[in-house]
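Remarks on the structure that follows.
The values are calculated or read from the model by the stated rules, or taken from the named source; none is laboratory data. Everything quoted here is computed from the prediction, not taken from an experiment. When we count neighbours, we look across all protein chains shown, and the Cβ atoms used for this are built from the backbone with ideal geometry, even at glycine. When the accessible area is computed, the model is the full protein with side chains, heavy atoms only, and any ligands, DNA or RNA have been set aside. Shrake-Rupley method; radii C 1.70, N 1.55, O 1.52, S 1.80 Å.
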There are 2 protein chains.
Amino acid sequence: MSSTYDPADFPAFAVTVDLVVLTVRPPNLEVLLVRRAEAPQKGRWALPGGFVGPSQDLADAAESKLVDKTGIRVKQAHLEQLQTFGQPKRDPRMRVVSVAHLAMVAVPSEPELEGAAWHTVGSLDAAALAFDHAEILQAGVERARSKLEYTTLATSFCRSEFTLAELRSVYEAAWGERLDAANFQRKVLATEGFVESTGRTESAGPGRPARTFVAGRAELLHPPLMPPGAL
Amino acid sequence: MSSTYDPADFPAFAVTVDLVVLTVRPPNLEVLLVRRAEAPQKGRWALPGGFVGPSQDLADAAESKLVDKTGIRVKQAHLEQLQTFGQPKRDPRMRVVSVAHLAMVAVPSEPELEGAAWHTVGSLDAAALAFDHAEILQAGVERARSKLEYTTLATSFCRSEFTLAELRSVYEAAWGERLDAANFQRKVLATEGFVESTGRTESAGPGRPARTFVAGRAELLHPPLMPPGAL
DNA sequence: GTCTTTAATTGTCTACTTGACAAATATTAG
DNA sequence: CTAATATTTGTCAAGTAGACAATTAAAGAC
């Protein structure tokens, strides 16, 4: 079938990137959505994304969309390829294959850009999203949860310097379940390279001030942090 | 930028699927490769794959390549999307985005198809592979290992009816490390729904005959099977 | 047939990890 | 100064994991 090899012989696809940008604002896990300004599906919420340039790498395309929408540089966030969605009819206009990416960012304090807003993942109507974006979002949330379990990525939801309570709130937001502060702390500190103490403390409201930490160099957690069986 | 929306405005990509088909022939983990019959890279080993049709779903395309090359139906195997590779220069002819898939199959007894052969993963020269297929293969092996840890997919490397020794050899092949048969057995049988006893036994060579099992309906393992820290 | 070898299966024990909860410490708010 | 709150340290019972010995049941040599 591919004895000759003329580009024109093969069906042309458009390739896009779509981003599932997650953040934690305790006690919620939130996702960044944009309101579509154009038809089709004008006015509905959608994942930020766009076309990949003819000589642009997939990761570069995802990175530049992230900067466009959030102003967050990749250095301060986590960005990874998620999954590729290519159902023939997912976009009514033409055959589009979307390489979805997952970003985990610390909540930006700056005001939102036009048309973009954070939405709580739990209380989001799947039917309100454009195209197959509900499916993509679900894949992103599942990936995020599973990576939180066995990697140190929870730190990428935190400020550069953070307390263990903040780190704990990331897990609590992702699972919707409270964790014992004492056991959580011992587990985190027992894991070599998860966090590193700054020597400083910080206090917000009443209660003993908490020590602050920065992310360590480890990437994998052995053993995982969340209990088995927790969804 | 995307105020108008004419398909012709956007760069055309070719989309392919490439398959990392893994099997276990104790004590080795092996991958199916085909020898390229056409330029470029004529004569080098490559992952099986091909173009996605204009109205063909990605999963369907992967499935049909698997049947073409191995004759194995998806019902008896595991097939999942792996990762998408889209470096601008990965194929010299044109812009090609490849949606790589991972298949885990029981070793087929039938003779090989023309140009295709099983290769031991450990003793394979990465430089001998065409295009960026060495990178794809590495991603596939890593994915397979991590899924073996926390899912029941090891059973898809086994015949439909198998002994615990066979199942154990899957883990031993993937990690290159021997496991204690006694502890392995207790762990597997303690995991609800991993395997189900047939009541029959089977003996191959000397030694007490082993009971045979079929795969259970569970998909996830809690807790994981392999010890933390094992590569 | 009997003996030797091999592998599956069962049993046992020690060290470690987990999670629940109590106690001590260090702040803020009034 | 007192009450309230949150971090941090301490304790302990229950469960898990891995090492290794013992038992069972077959194949193959003689």
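Taking a point 7 Å from the Cα of A:R25 along the Cα-to-Cβ direction, the residues of the stretch A:122-150 with backbone N closer than 18 Å to it are A:122-125. Considering only beta bridges that DSSP places wholly inside chain B, some 75 percent are antiparallel.
Each eigenvalue of the Cα gyration tensor of the protein assembly as shown, multiplied by 5 and square-rooted, gives one semi-axis; in descending order these are 38, 34, 19 Å.
Measuring how big the stretch A:8-58 is from its alpha-carbon positions, Rg and Dmax come out at 15.3, 53 Å. Across all directions, the shadow cast by the convex hull of the stretch A:7-134 built on its C-alpha atoms averages 8.6 square nanometres. The relative contact order of the stretch A:153-215, computed from alpha carbon pairs under 8 Å that lie at least 6 residues apart in sequence, is 38 percent. Using the Karplus relation 6.51 cos²θ - 1.76 cosθ + 1.60 with θ = phi - 60°, the per-residue 3J(HN,Hα) values for the stretch A:130-140 come to 6, 6, 9, 5, 5, 5, 5, 4, 4, 4, x Hz, with x marking Gly and Pro. Averaged over peptide B:11-19, the number of partner chain Cβ atoms lying within 10 Å of each residue's Cβ comes to 5. Selection among B:S123, B:A144, B:H222 by position relative to the dipole of chain B gives B:S123 as farthest towards the positive end (Cβ unit charges, Cα centre).
Projecting the Cα atoms of B:L22, B:L153, B:F51 onto the charge dipole of the stretch B:1-157, computed from C-beta unit charges around the Cα centre, puts B:L22 farthest toward the positive end. Of the residues B:K89, B:K69, B:K42, the one with the largest accessible area comes first in the ranking B:K89, B:K42, B:K69, computed with a 1.4 Å probe on protein heavy atoms. Phi angles of the stretch B:77-91 translate, via the Karplus equation with coefficients 6.51, -1.76, 1.60 and θ = phi - 60°, into HN-Hα couplings of 9, 10, 9, 9, 6, 9, 6, 10, 10, x, 3, x, 9, 5, 10 Hz per residue; Gly and Pro are given as x. Looking at the protein assembly as shown, the DSSP beta bridges with both ends there are about 75 percent antiparallel.
Got the A:L189 label distances to the other copies yet, label 7 Å along Cα→Cβ, in nm, shortest first? Copy-to-copy label distances at A:L189, shortest first: 4.2 nm.
Sorting A:17-26, A:54-63, B:207-216 by average packing, meaning the other beta carbons within 10 Å per residue, from highest down gives A:17-26, A:54-63, B:207-216. Neighbouring Cβ atoms from other chains, within 10 Å of the Cβ of residues in A:45-56, number 3 on average.
When B:Q76 is represented by a point 7 angstrom out along its Cα-to-C-beta vector, the spacings to that point in the other copies are 5.6 nm, nearest first. Rg and Dmax of chain B, based on Cα coordinates, read 19.9, 74 Å. Pairs of Lys residues in the protein assembly as shown, spaced 8 or more positions apart or belonging to different chains, with C-alpha separations under 26 angstrom: 26 in total.
Given points 7 Å out from each Cα along the Cα-Cβ axis, report the B:A165 to A:V214 separation in nanometres with one decimal. The answer from the label model is 5.6 nm. A point 7 Å from Cα along Cα→Cβ stands in for B:L124, and the other copies hold the same point at 3.7 nm, listed in rising order.
Heavy atoms of the protein chains alone define the surface here; on that basis the stretch B:7-150 has 43 Å² accessible area per residue at 1.4 Å probe size. At an R0 of 60 angstrom, the distance between the Cβ atoms of A:A37 and A:T198 translates into a FRET efficiency of 0.85.
For A:L82, the residues whose amide H sits under 5 Å from its own are A:A100, A:H101, A:L102, ignoring neighbours fewer than 5 places away on the same chain, with H placed 1.01 Å from N. Summarising the amide proton neighbourhood of A:V107: residues at separation of 5 or more, or on other chains, whose placed amide H is nearer than 5 Å comprise A:V24. In percent, rounded to a whole number, the relative contact order of the stretch A:51-114 is 30, using alpha-carbon pairs under 8 Å and six or more apart.
When the solvent-accessible area of the stretch A:7-134 is split by element, carbon and sulfur atoms take up 52 percent of it, the probe being 1.4 Å.
Using the Karplus relation 6.51 cos²θ - 1.76 cosθ + 1.60 with θ = phi - 60°, the per-residue 3J(HN,Hα) values for the stretch A:172-180 come to 5, 5, 5, 9, x, 8, 7, 10, 6 Hz, with x marking Gly and Pro.
Put simply, chains A and B cover up around 3100 Å² of each other's accessible surface, both sides summed, when a 1.4 Å probe is used.
Every helix of 4 or more DSSP H residues in the protein assembly as shown counts as -39500 (n - 2.57), and over all residues that averages to -7500 deg cm²/dmol at 222 nm. When the Cα atoms of the stretch B:153-215 are aligned to their principal axes, the ranges along those axes come out at 29, 29, 21 Å in descending order. A full extension of the chain between A:D68 and A:Q87 corresponds to an added length of 4.1 nm, given 0.36 nm per residue minus the alpha carbon distance.
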